[in-house]
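Read through the structure below, which is laid out as structure tokens, and then see the notes.
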Amino acid sequence: MSSESGTGEAKPEQGEVKAFLDEPDKHQRVKEGWRPYLEAKLGFRNHWYPAMFAYELTGDEPKAVKMLGERLILRRVDGRVYALEDRCAHRRVLLSAKVECYTKDTITCWYHGFTYNFRDGKLVQVLTEPGCALIGKLSIKSYPVQEAQGLVFVFIGDIDPPPLQDDVPPGFLDSELVVTGVRRDIKGNWRLASENGFDTTHIYIHRHSKVLTATDAILPLGFIPQDRHSMILVEGPGPKGVVDKLANNYIPVFESGINDVKVSAAMRPHGQVVAPEVSSWLPCVLKLQAFPIPELFVFEWYVPIEEDTHWYYQVLGKKVSTDEEAAAFRTEAHSFWADVLWRGFNDQDVSAREALEDAYTEGEGWTKERLYRPDMCIIEWRKIASKYNRGIQKLR
Amino acid sequence: MPGESDTASVKAEQRELEAFLDDPSGHQQVKHAWRPYLEAKLGFRNHWYPVLFSHDLDGDTPKPVQVLGERVLLRRVDGQVHAVEDRCAHRRVPFSAKLECYTQDTVTCWYHGFTYNFCNGKLVQVLTEPGCALIGKMAIKTYPVQEVQGMIFVFVGDREPSAIQEDVPPGLLDADLATRGIRREVKSNWRLGTENGFDTTHIYIHRHSKLIKTTDALLPLGLVPTSKHSMDIVEGPGPKGVIDKLANNYVPVFDSTIGEVTVSAQLKPNGKAVASSVSVWLPCVLRVEGFPAPEITQFEWYVPIDEKNHMYWQVLAKKINTPEEAVAFQAEVDSHWEEVALRGFNDDDVWAREALEDAYTEGEGWAKERLFKPDMCIVEWRKLASKHNRGIQRLT
């Protein structure tokens with residue numbers, strides 16, 4: 001499924017990227033390769049995105065969420081989740097401003113009693129004018145929904161939705177994998193979050209983190225690509241992404257010096273270097289193999305909310321054979337890893353993203369950034385995303 | 001009044017409007033008839049607006065207000081109220097930032113001591129350069145003022161002011177009327193305030209209100225017009241407005257169903273139908289007759305402060321014969337109606353307007369709304385306001 005792209009045609013372009021990274025001032029035109037990505041402030045249209053966890057919709061209470069600048073309201077009807085535009089067609093008020101559901105498969109607008117079928121969004125009644133001429137003619141947008149691995153995915157777009165498998169990292173839908181996690185809204189454009197997660201030298205900020213003191217994990221100060229083939233470009237069929245084989249194709253840096261002063265990664269006698277592989281996938285999802293410990297996987301989504309905020313999905317996965325193992329893993333995740341990883345470790349990422357948000361707005365990072373060689377993976381991600389996205393999300 | 005002007009073109013226009021309300025998607029061009037209204041984000045120029053209650057200007061302390069985006073400073077001089085622009089001609093700072101009045105009929109700018117006559121706005125002294133060459137040559141804008149029914153009205157515009165009777169609902173200036181009310185800021189554009197109040201099916205939101213629960217007032221879920229003649233269009237001479245005779249020309253809806261579920265208005269054995277007639281008048285004022293009780297009339301102004309806020313005036317009025325009756329009525333408003341009606345009922349309206357503000361900005365309501373037949377009165381109001389306003393307020 002993953003194919004190396006070091007073909008004859010690709011080589012000159014790769015050389016240009018390398019030259020760009022060594023001497024960026026002379027090679028601004030390489031940025032043309034990721035222009036669509038620069039436009040995608042609100043994310044990419046026509047993709048599947050997680051909207052919430054399945055456990056957030058246990059009863060039949062509707063729940064609203066904002067994503068890619070759009071307002072949605074979700075509800076479980078006879079066990080199945082449906083998603084509608086969270087605005088009444090009449091005067092555009094939010095249905096979620098005051099939820100009214102008189103039957104299990106309808107939602108009524110609090111303002112004039114416009115009532116929609118939750119399954120298809122069609123207007124079925126108007127309480128203040130029974131038999132209104134608009135019944136059957138008017139509807140609100142209904143979004144395709146798919147529940148998988150405890151997450152509720154929604155397709156944001158207009159085209160016929162491609163299979164969900166094309167928009168999640170390889171392996172995520174494996175039946176022996178059990179996953180669990182949390183989400184929170186974080187300040188910062190979604191692209192800055194994706195890039196921080198995929199960046200192989202940002203781990204410098206984690207050198208004093210709780211994961212490194214509470215487990216045997218060892219993290220170097222950074223991982224440097226051996227050469228321009230260190231990244232694997234996965235161009236489908238199926239998911240599109242960039243894979244960094246950190247354990248094979250990267251050199252870990254454990255020590256650096258500034259004159260007489262040494263800066264070192266935290267080492268310990270029986271420690272084990274973690275995160276042998278990290279990959280970034282369309283539309284906005286990261287996968288970490290064997291992290292924070294060898295038998296676990298990390299999946300992170302950075303779903304755009306608005307231009308300056310994103311939903312941060314922190315998801316852990318583990319291959320299990322029995323329901324008991326699955327239950328034990330969930331307990332472990334929400335007790336131990338919630339503290340050590342989702343807060344202790346990832347809070348450092350959250351702070352970095354918030355700092356990046358200022359850097360790329362007031363600091364004009366998108367035009368003034370000066371990348372260096374280890375950022376090659378970020379450039380490959382920007383190029384893949386620019387090439388394979390199914391549309392730029394725009395409002396109005 | 002309706003009827004006389006039923007020419008062929010008016011009939012055609014009316015047919016188009018009805019077709020529009022039944023199937024809005026095919027009839028967008030009808031919206032051209034209210035284009036001026038869409039432009040009037042800050043209200044209409046060259047009209048009279050209430051800015052303060054008389055009791056807000058007790059002594060001679062000046063008081064600042066913002067109206068239609070303009071800053072105005074008011075003060076009582078020898079019992080009569082005067083209004084000037086609340087900005088020094090010199091460096092445009094507001095006087096009200098730090099009020100300085102050395103004499104009963106001047107205001108002095110706190111910054112450089114520019115001193116203006118409060119009655120005509122003329123520069124009469126500059127404390128930091130006595131005898132300054134600008135004295136007598138420079139003036140700040142003054143506004144025409146009238147005090148009626150315990151309210152201070154200001155004419156915002158450039159023309160010779162029209163008679164105040166033309167800018168208030170019929171009956172407000174009657175000598176045998178006693179009034180009492182409150183005012184407060186609401187976070188929505190003024191037009192959304194007006195439309196919510198005039199909307200004959202918005203009363204759906206009031207079905208559980210304190211007024212309905214604790215008095216014998218009876219309110220249906222909505223009121224549906226019986227025909228295209230249900231509204232009276234009043235085109236002067238005198239005030240311009242639209243009247244809905246709810247008790248005569250509208251059908252009340254007390255029950256509706258969604259599938260097998262019935263939704264009903266609260267009925268009570270000796271309930272009294274309230275709000276026999278509701279009307280809306282230029283520039284931005286509503287009159288509800290027989291509300292909150294049969295013998296009372298409620299007046300409401302939605303005076304633009306800026307594009308996103310309006311001052312909500314709630315004034316109750318009653319015909320009286322003696323000064324004692326007036327005092328008794330005012331005491332009744334303070335002790336009973338303020339809690340039950342002006343707060344207990346109208347707080348729901350305030351909430352709805354703030355929800356509409358999001359719906360008409362982020363939700364793009366002005367372009368995307370889909371009106372239904374009972375909104376015909378709103379359409380008539382938009383058309384009337386577009387036709388008879390005396391100018392669109394714009395800040396340069």
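For the reader, a short list of remarks on this structure follows.
- Subset tally (residues that are crowded, with 24+ Cβ neighbours inside 10 Å and more than 7 Å from chain B (Cβ to nearest Cβ)) for segment A:87-99: 2
- Restricting attention to segment B:224-251, the residues that are more than 26 Å from the chain's Cα centre (by Cα) and either hydrophobic (A, V, I, L, M, F, W, C) or within 11 Å of chain A (Cβ to nearest Cβ) (or both) add up to 1.
- Among (1) facing another protein chain (nearest Cβ under 10 Å); (2) more than 23 Å from A:GLU129 (Cα to Cα); (3) touching a His at 6+ places or on another chain (Cβ under 8 Å), the one test that B:GLU354 misses: (3)
Every residue, every condition in (1) in contact with a helix residue (DSSP H, G or I) (Cβ under 6 Å, 6 or more places away or on another chain); (2) within 19 Å of A:GLY188 (Cβ to Cβ); (3) of a type in the set (A, V, I, L, M, F, W, C), yes or no:
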| residue | (1), (2), (3) |
| --- | --- |
| A:PHE297 | no, no, yes |
| A:TRP301 | no, yes, yes |
| A:ILE305 | no, yes, yes |
| A:TRP311 | no, yes, yes |
| A:SER321 | no, no, no |
| A:GLU325 | no, no, no |
| A:SER335 | no, no, no |
| A:VAL350 | no, yes, yes |
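- Only one entry in B:ARG159, B:ARG91, B:ARG180, B:ARG184 is surrounded by fewer than 17 Cβ atoms within 10 Å (Cβ to Cβ) and in a strand (DSSP E or B), namely B:ARG184.
- Output for segment B:108-121, where each listed residue is part of a loop (DSSP other than H, G, I, E, B) and surrounded by 18 or more Cβ atoms within 10 Å (Cβ to Cβ): B:CYS109, B:GLY113, B:PHE118, B:GLY121
- Where a residue in segment B:327-353 is within 17 Å of B:ARG207 (Cβ to Cβ) and small (Gly, Ala, Ser) and its partner, wherever it lies, is at pLDDT below 95 and part of a helix (DSSP H, G or I), with Cβ under 8 Å and at least six apart: B:ALA341/B:LEU211; B:GLY344/B:LYS210; B:GLY344/B:LEU211; B:GLY344/B:THR214
- Failed item in (1) of a type outside the set (Lys, Arg); (2) within 14 Å of chain B (Cβ to nearest Cβ); (3) under 30 Å from A:TRP337 (Cα atoms), with A:THR180 passing the rest: (2)
- Residue check for B:LEU286: modelled with pLDDT of 95 or more, in a helix (DSSP H, G or I), crowded, with 18+ Cβ neighbours inside 10 Å and not aromatic (Phe, Trp, Tyr): no
- Scanning segment B:40-62 for residues that are assigned to a strand (DSSP E or B) and out of contact with any helix residue (DSSP H, G or I) (no Cβ under 6 Å at 6 or more places or on another chain) gives B:PHE44, B:TYR49, B:PRO50, B:VAL51, B:LEU52, B:PHE53.
- If only residues of segment B:207-223 that are within 13 Å of chain A (Cβ to nearest Cβ) and touching a Leu at 6+ places or on another chain (Cβ under 6 Å) are counted, the one that is nearest to B:ALA341 (Cα to Cα) is B:LEU221.
- Restricting A:VAL261, A:VAL274, A:VAL242 to residues that are free of Cβ contacts under 8 Å to residues at least 12 places away in the same chain and of a type in the set (A, V, I, L, M) narrows the list to A:VAL261.
- Filtered residues of segment B:305-336 (kept if among the acidic types (Asp, Glu) and surrounded by 14 or more Cβ atoms within 10 Å (Cβ to Cβ)): B:ASP306, B:GLU307, B:GLU325, B:GLU332
- The number of residues in segment B:362-390 being more than 18 Å from A:CYS109 (Cβ to Cβ) and at the interface with chain A (Cβ under 10 Å from one of its Cβ atoms) comes to 2.
- So B:VAL124, is it farther than 17 Å from B:ASP56 by Cα, part of a loop (DSSP other than H, G, I, E, B) and at pLDDT 95 or above: no
- Number of residues in segment B:359-396 that are among the acidic types (Asp, Glu) and free of Cβ contacts under 8 Å to residues at least 60 places away in the same chain: the value is 3.
- Residue selected from segment A:139-185 under the condition touching a Lys or Arg at 6+ places or on another chain (Cβ under 6 Å) and in a loop (DSSP other than H, G, I, E, B), by the criterion surrounded by the fewest Cβ atoms within 10 Å (Cβ to Cβ): A:GLU176
- Across segment A:62-109, the qualifying residues are those that are assigned to a strand (DSSP E or B), aliphatic (A, V, I, L, M) and in contact with a Pro (Cβ under 7 Å, 6 or more places away or on another chain), and the one among them that is nearest to A:LEU123 (Cα to Cα) is A:ILE107.
- Candidate set from segment A:127-164 (those that are among the charged types (D, E, K, R) and within 10 Å of chain B (Cβ to nearest Cβ)); member that is farthest from A:ARG183 (Cα to Cα): A:GLU129
- Boolean, A:GLY79 is closer than 30 Å to B:THR262 by Cα, out of contact with any strand residue (DSSP E or B) (no Cβ under 9 Å at 6 or more places or on another chain) and at pLDDT 70 or above: yes
- Verdict on B:TYR204 being within 10 Å of another protein chain (Cβ to nearest Cβ), under 21 Å from B:ALA352 (Cβ atoms) and either free of Cβ contacts under 8 Å to residues at least 24 places away in the same chain or surrounded by 15 or more Cβ atoms within 10 Å (Cβ to Cβ) (or both): yes
- The lone criterion from (1) modelled with pLDDT under 95; (2) of a type in the set (Gly, Ala, Ser); (3) within 30 Å of the chain's Cα centre (by Cα) left unmet by B:SER9 is number (3).
- Among the residues of segment A:50-59, those identified as surrounded by fewer than 24 Cβ atoms within 10 Å (Cβ to Cβ) and either among the aliphatic types (A, V, I, L, M) or touching an Asp or Glu at 6+ places or on another chain (Cβ under 9 Å) (or both) are A:MET52, A:ALA54, A:LEU57.
- B:THR194 within 14 Å of chain A (Cβ to nearest Cβ), under 23 Å from B:LYS41 (Cβ atoms) and either part of a helix (DSSP H, G or I) or touching a residue at least 24 places away in the same chain (Cβ under 8 Å) (or both): yes
- Flag if A:GLY188 is at positive phi, crowded, with 22+ Cβ neighbours inside 10 Å and in contact with a strand residue (DSSP E or B) (Cβ under 7 Å, 6 or more places away or on another chain): yes
- Residues that are within 14 Å of chain A (Cβ to nearest Cβ), surrounded by 16 or more Cβ atoms within 10 Å (Cβ to Cβ) and out of contact with any helix residue (DSSP H, G or I) (no Cβ under 7 Å at 6 or more places or on another chain) do occur in segment B:337-350.
- Here A:GLY238 passes the criteria (1) part of a strand (DSSP E or B); (2) modelled with pLDDT of 90 or more except the one numbered (1).
The values are calculated or read from the model by the stated rules, or taken from the named source; none is laboratory data. None of the values given here were measured: they were computed from a predicted structure. Using ideal geometry, Cβ is built from the backbone for each residue, glycine included, and neighbour counts are taken over all protein chains shown.
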